[in-house]
Amino acid sequence: MRTSKITEEFRKLTFGNYITEGKSEKLTKGKEVAFEYTKNFAEIRKRRENSIALLGQVGSGKTHLLCAVSNNLLSKGVQVIYFQYVESISELRSDYKEAHEKVNELKKSEVLFIDDLFKGVDLLTKFERQNLYELINYRYLNHLPTLVSSELNFEGLLKIDEAIGSRIYEMSYGHRYVFSGLELNHRMRK
Ligand SMILES: Nc1ncnc2c1ncn2[C@@H]1O[C@H](COP(=O)(O)OP(=O)(O)OP(=O)(O)O)[C@@H](O)[C@H]1O
Ligand SMILES: [Mg+2]
(Lines give C-alpha, C1' and ligand atoms only; values in the text may rest on other atoms or scores of the structure.)
(Ligands and ions follow the chains in the order given, each with its own letter.)
Protein backbone atom coordinates (compact mmCIF):
# COMPACT_ATOMS: atom_id res chain seq x y z
CA MET A 1 0.00 0.00 0.00
CA ARG A 2 1.19 3.48 -0.82
CA THR A 3 0.32 4.66 2.69
CA SER A 4 2.21 1.81 4.32
CA LYS A 5 5.45 3.41 3.19
CA ILE A 6 7.53 5.19 5.72
CA THR A 7 8.42 8.57 4.18
CA GLU A 8 11.50 10.76 4.58
CA GLU A 9 9.54 13.13 6.84
CA PHE A 10 8.54 10.21 9.03
CA ARG A 11 12.18 9.09 9.31
CA LYS A 12 13.19 12.48 10.75
CA LEU A 13 10.91 12.17 13.77
CA THR A 14 12.96 10.87 16.68
CA PHE A 15 13.05 10.97 20.48
CA GLY A 16 16.03 13.31 20.16
CA ASN A 17 14.06 16.03 18.40
CA TYR A 18 10.94 15.72 20.57
CA ILE A 19 11.60 18.66 22.88
CA THR A 20 10.40 18.59 26.48
CA GLU A 21 12.73 21.12 28.15
CA GLY A 22 10.87 24.11 29.49
CA LYS A 23 7.54 22.56 28.52
CA SER A 24 4.70 20.91 30.40
CA GLU A 25 5.55 17.82 32.47
CA LYS A 26 2.79 16.05 30.56
CA LEU A 27 4.97 15.95 27.43
CA THR A 28 7.80 14.37 29.42
CA LYS A 29 5.39 11.73 30.70
CA GLY A 30 4.08 10.91 27.22
CA LYS A 31 7.62 10.73 25.86
CA GLU A 32 8.66 8.43 28.71
CA VAL A 33 5.81 6.02 27.94
CA ALA A 34 6.94 5.82 24.30
CA PHE A 35 10.63 5.60 25.19
CA GLU A 36 10.15 2.86 27.79
CA TYR A 37 8.01 0.92 25.33
CA THR A 38 10.76 1.11 22.70
CA LYS A 39 13.55 0.26 25.12
CA ASN A 40 11.77 -2.82 26.45
CA PHE A 41 10.09 -3.85 23.21
CA ALA A 42 11.88 -7.20 22.91
CA GLU A 43 10.41 -8.25 26.24
CA ILE A 44 7.06 -6.41 25.90
CA ARG A 45 6.22 -8.00 22.55
CA LYS A 46 5.96 -11.42 24.19
CA ARG A 47 3.23 -10.23 26.55
CA ARG A 48 -0.50 -10.13 26.12
CA GLU A 49 -0.36 -6.37 26.65
CA ASN A 50 2.18 -5.49 24.01
CA SER A 51 0.71 -2.44 22.31
CA ILE A 52 0.91 1.30 22.92
CA ALA A 53 -1.74 4.03 22.72
CA LEU A 54 -1.02 7.77 22.66
CA LEU A 55 -4.28 9.65 22.72
CA GLY A 56 -5.81 13.08 23.18
CA GLN A 57 -4.74 16.64 22.49
CA VAL A 58 -4.21 17.55 18.84
CA GLY A 59 -0.63 18.64 18.06
CA SER A 60 0.89 17.22 21.24
CA GLY A 61 3.26 15.00 19.25
CA LYS A 62 1.47 11.64 19.30
CA THR A 63 2.39 10.92 15.68
CA HIS A 64 5.91 12.25 16.27
CA LEU A 65 6.49 9.92 19.23
CA LEU A 66 5.03 6.86 17.52
CA CYS A 67 7.18 7.60 14.45
CA ALA A 68 10.16 7.67 16.83
CA VAL A 69 9.07 4.27 18.19
CA SER A 70 8.61 2.94 14.63
CA ASN A 71 11.98 4.24 13.42
CA ASN A 72 13.67 2.58 16.35
CA LEU A 73 11.96 -0.74 15.74
CA LEU A 74 12.69 -0.56 11.99
CA SER A 75 16.37 0.01 12.74
CA LYS A 76 16.30 -3.21 14.76
CA GLY A 77 14.87 -5.07 11.79
CA VAL A 78 11.27 -5.22 13.03
CA GLN A 79 8.64 -4.86 10.29
CA VAL A 80 6.36 -1.85 10.83
CA ILE A 81 3.48 -0.95 8.52
CA TYR A 82 2.08 2.57 8.71
CA PHE A 83 -1.69 2.86 8.49
CA GLN A 84 -2.87 6.46 8.34
CA TYR A 85 -6.52 6.04 9.23
CA VAL A 86 -8.19 8.51 6.87
CA GLU A 87 -6.02 7.84 3.81
CA SER A 88 -5.62 4.13 4.32
CA ILE A 89 -9.32 3.50 4.88
CA SER A 90 -10.19 5.43 1.75
CA GLU A 91 -7.56 3.45 -0.17
CA LEU A 92 -9.10 0.21 1.06
CA ARG A 93 -12.56 1.43 0.15
CA SER A 94 -11.47 2.41 -3.36
CA ASP A 95 -10.84 -1.20 -4.25
CA TYR A 96 -13.23 -3.60 -2.60
CA LYS A 97 -11.70 -6.57 -4.40
CA GLU A 98 -8.25 -5.90 -3.08
CA ALA A 99 -9.40 -4.78 0.37
CA HIS A 100 -9.43 -8.30 1.75
CA GLU A 101 -5.89 -8.97 0.60
CA LYS A 102 -4.65 -5.65 1.95
CA VAL A 103 -6.32 -6.15 5.32
CA ASN A 104 -4.68 -9.56 5.46
CA GLU A 105 -1.27 -7.98 5.00
CA LEU A 106 -1.97 -5.38 7.70
CA LYS A 107 -3.30 -8.04 10.07
CA LYS A 108 -0.08 -10.00 9.89
CA SER A 109 2.47 -7.18 10.00
CA GLU A 110 4.95 -7.68 12.85
CA VAL A 111 4.01 -4.22 14.10
CA LEU A 112 1.15 -2.05 12.82
CA PHE A 113 1.06 1.70 13.44
CA ILE A 114 -2.52 3.01 13.18
CA ASP A 115 -2.26 6.79 13.09
CA ASP A 116 -5.23 9.05 13.84
CA LEU A 117 -7.70 6.25 14.55
CA PHE A 118 -11.34 7.26 13.93
CA LYS A 119 -10.29 10.71 12.69
CA GLY A 120 -13.36 12.58 11.45
CA VAL A 121 -15.68 9.70 12.31
CA ASP A 122 -19.02 10.07 14.09
CA LEU A 123 -20.42 6.72 13.05
CA LEU A 124 -18.49 3.93 11.39
CA THR A 125 -19.75 2.63 8.06
CA LYS A 126 -20.35 -1.11 7.78
CA PHE A 127 -17.20 -1.35 5.65
CA GLU A 128 -15.08 0.42 8.26
CA ARG A 129 -16.50 -1.58 11.12
CA GLN A 130 -16.03 -4.94 9.44
CA ASN A 131 -12.51 -4.33 8.21
CA LEU A 132 -11.24 -2.61 11.33
CA TYR A 133 -12.75 -5.19 13.61
CA GLU A 134 -11.19 -7.99 11.59
CA LEU A 135 -7.85 -6.21 11.72
CA ILE A 136 -7.82 -5.38 15.43
CA ASN A 137 -9.34 -8.64 16.54
CA TYR A 138 -6.77 -10.67 14.61
CA ARG A 139 -3.93 -8.69 16.18
CA TYR A 140 -5.58 -8.98 19.58
CA LEU A 141 -6.00 -12.75 19.36
CA ASN A 142 -2.52 -13.30 17.96
CA HIS A 143 -0.74 -10.97 20.39
CA LEU A 144 0.65 -8.73 17.67
CA PRO A 145 1.90 -5.30 18.80
CA THR A 146 -0.05 -2.31 17.54
CA LEU A 147 0.83 1.37 17.92
CA VAL A 148 -2.25 3.60 18.09
CA SER A 149 -2.64 7.35 17.97
CA SER A 150 -5.98 9.14 18.16
CA GLU A 151 -7.22 12.56 19.15
CA LEU A 152 -10.03 10.77 20.98
CA ASN A 153 -9.52 9.49 24.52
CA PHE A 154 -10.56 5.95 25.47
CA GLU A 155 -14.11 7.04 26.21
CA GLY A 156 -14.30 8.55 22.72
CA LEU A 157 -12.91 5.40 21.10
CA LEU A 158 -15.38 3.22 23.01
CA LYS A 159 -18.27 5.44 21.94
CA ILE A 160 -17.40 4.94 18.27
CA ASP A 161 -16.88 1.20 18.64
CA GLU A 162 -16.77 -0.61 21.95
CA ALA A 163 -15.40 -3.88 20.54
CA ILE A 164 -12.46 -2.16 18.88
CA GLY A 165 -11.89 0.44 21.62
CA SER A 166 -11.89 -2.05 24.47
CA ARG A 167 -9.45 -4.35 22.69
CA ILE A 168 -7.04 -1.47 22.18
CA TYR A 169 -7.49 -0.51 25.82
CA GLU A 170 -6.59 -4.00 26.97
CA MET A 171 -3.71 -4.47 24.53
CA SER A 172 -2.09 -1.18 25.58
CA TYR A 173 -2.23 -1.79 29.34
CA GLY A 174 0.89 -0.29 30.91
CA HIS A 175 1.73 1.69 27.76
CA ARG A 176 -0.94 4.33 27.45
CA TYR A 177 -0.87 8.07 27.68
CA VAL A 178 -3.65 10.58 27.16
CA PHE A 179 -2.43 14.13 26.48
CA SER A 180 -4.78 16.73 27.81
CA GLY A 181 -4.59 20.53 27.52
CA LEU A 182 -4.52 23.01 24.65
CA GLU A 183 -1.13 24.29 25.83
CA LEU A 184 0.35 20.98 24.62
CA ASN A 185 -0.44 21.82 20.99
CA HIS A 186 2.99 22.31 19.43
CA ARG A 187 1.42 23.93 16.37
CA MET A 188 0.18 26.82 18.58
CA ARG A 189 3.54 27.54 20.24
CA LYS A 190 4.27 30.84 18.42
N1 LIG B 1 7.59 18.28 21.92
C2 LIG B 1 7.85 18.48 20.61
N3 LIG B 1 9.09 18.81 20.20
C4 LIG B 1 9.35 19.04 18.89
N5 LIG B 1 8.43 18.96 17.92
C6 LIG B 1 7.18 18.63 18.27
C7 LIG B 1 6.81 18.38 19.63
N8 LIG B 1 5.50 18.07 19.66
C9 LIG B 1 5.07 18.12 18.41
N10 LIG B 1 6.07 18.47 17.56
C11 LIG B 1 5.95 18.69 16.11
O12 LIG B 1 4.72 19.35 15.92
C13 LIG B 1 4.01 18.81 14.81
C14 LIG B 1 2.69 18.22 15.29
O15 LIG B 1 2.97 17.02 16.05
P16 LIG B 1 2.23 15.65 15.74
O17 LIG B 1 1.77 15.64 14.33
O18 LIG B 1 3.10 14.56 16.19
O19 LIG B 1 0.99 15.82 16.72
P20 LIG B 1 -0.28 14.89 16.92
O21 LIG B 1 -0.49 14.78 18.39
O22 LIG B 1 -0.08 13.64 16.16
O23 LIG B 1 -1.42 15.78 16.28
P24 LIG B 1 -2.83 15.32 15.58
O25 LIG B 1 -3.77 14.95 16.69
O26 LIG B 1 -3.28 16.54 14.83
O27 LIG B 1 -2.52 14.16 14.68
C28 LIG B 1 4.94 17.81 14.17
O29 LIG B 1 5.68 18.46 13.18
C30 LIG B 1 5.86 17.40 15.32
O31 LIG B 1 7.13 16.97 14.85
MG1 LIG C 1 -1.06 12.81 14.55
Original post:
What does the helix-only formula give at 222 nm for the chain: each DSSP H stretch with n ≥ 4 adding -39500 (n - 2.57), the total divided by the residues, and the result rounded to the nearest 500 deg cm²/dmol?
Top reply: -14500 deg cm²/dmol
Original post:
Points 7 angstrom from Cα along the Cβ direction at Ser166 and Lys29: gap in nanometres?
Top reply: 2.6
Original post:
With labels modelled as points extended 7 Å from the Cα through the Cβ direction, what inter-label distance (nm, one decimal) is found for Tyr138 paired with Thr7?
Top reply: 2.6
**OP:** Taking amide H positions as placed in the peptide plane 1.01 Å from N, state which residues far from Val178 in sequence (5 or more) or on other chains have amide H under 5 Å from it.
**Re:** Leu55
**OP:** Please give the residues of region 158-190, grouped as numeric ranges, whose backbone N is less than 14 Å from a label point set 7 Å along the Cα-to-Cβ vector of Glu36.
**Re:** 172-178
Subject >> Violating pairs (Cα-Cα greater than 28 angstrom) within the set Lys46/Lys119; Lys29/Lys76; Lys23/Lys159; Lys12/Lys107 >> reply: Lys46/Lys119; Lys23/Lys159
Subject >> region 2-180 - accessible surface per residue (Å², probe 1.4 Å) >> reply: 49
**OP:** Just tell me which aspartates and glutamates come within less than 17 Å, Cα to Cα, of Lys26; anything on the same chain fewer than 8 places away is out.
**Re:** Glu36, Glu151, Glu183
Original post:
Mean 1/r over all different Cα pairs, inverted: what Kirkwood radius does region 1-97 give, in Å?
Top reply: 14.8
Original post:
So if R0 is 22 Å, what FRET efficiency would Val78 and Asn104 give, r being the distance between their Cβ atoms, rounded to the nearest 0.05?
Top reply: 0.70
Original post:
Share of region 83-163's accessible area from carbon and sulfur, percent, 1.4 Å?
Top reply: 49
Subject >> Sum of side-chain charges, Leu157 neighbourhood, beta-carbon under 15 Å (Lys, Arg +1; Asp, Glu -1) >> reply: -3
Subject >> Formal net charge of residues neighbouring Asn185 (Cβ-Cβ distance under 13 Å; K, R +1; D, E -1) >> reply: +4
Subject >> Solvent-accessible area, 1.4 Å probe, carbon plus sulfur percent, for region 1-57 >> reply: 53
Subject >> Environment charge at His143 (Cβ cut-off 14 Å; Lys +1, Arg +1, Asp -1, Glu -1) >> reply: +4
Original post:
Tilt of helix 162-171 relative to the longest C-alpha principal axis of the chain, in degrees (0 to 90, nearest 10)?
Top reply: 50
Original post:
Any idea what angle helix 96-108 forms with the longest principal axis of the chain, computed on alpha-carbon atoms, 0 to 90 degrees, nearest 10?
Top reply: 50
**OP:** Consider just the alpha-carbon atoms of region 2-180 and return their Rg together with their Dmax, both in angstrom.
**Re:** 15.3, 51
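The values are calculated or read from the model by the stated rules, or taken from the named source; none is laboratory data. As the structure is a prediction and not an experimental result, all values here were calculated from the model. Cβ sites come from the backbone with ideal geometry, for glycine too, and all protein chains shown count toward neighbours. Side chains are part of the model used for accessible areas, which takes the heavy atoms of the whole protein and leaves out ligands, DNA and RNA. Shrake-Rupley method; radii C 1.70, N 1.55, O 1.52, S 1.80 Å.
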